[in-house]
Structures are given as C-alpha cells and as structure tokens.
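Read-outs: derived from the displayed coordinates by stated rules, not from any lab. Source: prediction; values computed, not measured. Note that each Cβ is placed from the backbone with ideal geometry, even for glycine, and that neighbours are counted across all protein chains shown.
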C-alpha cells in the first residue's frame, strides 16, 4: 500500500497526495452523514408497513 502511494506521488505530484489526505476525511464524513439521513427516512417510510403486517 505504501509502495502504491509512493508511485502515485511520483506520477501525479505532491499536490495530489495533499488533496487526497485533506479531502479524504471530508468526503467520508459527508457520505456518512448523508447515509444516515437517507437511511432514517427510508426506515420511517417502511416501518408502518412492517408494523401492520405483524
């Protein structure tokens, strides 16, 4: 994995690595938040149907 990082740094430059290290955690946090919001909405829509069945 480290070897791949070194290869990418050599081919694409240190700016790309800096952007990956800065932007990666931001993207993870944003996608986690969006997943929680949409999952909650889906659960609220589906839950009454499941309650009626049992």
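To test your reading of the geometry: what angle, between 0 and 90 degrees and rounded to tens, separates the Cα axis of helix 2-12 from the longest principal axis of the chain?
Compared with the principal axis, the helix lies near 70 degrees.
Compute the distance in nm between two label points, each set 7 Å from the Cα along the Cα-to-Cβ direction, one at residue 2 and one at residue 44.
4.8
Compute the whole-percent fraction of alpha carbon pairs in the chain spaced more than 13 Å apart.
Value for the chain (Cα pairs over 13 Å): 71 percent.
So how tilted is helix 14-53 from the main axis of the chain? Cα-based, degrees 0 to 90, rounded to 10.
Tilt relative to the chain: about 10 degrees.
Grab the Cα-Cα distance for residue 26 and residue 9, subtract it from 0.36 nm times how many residues apart they are, and report the gain in nm with one decimal.
4.1 nm
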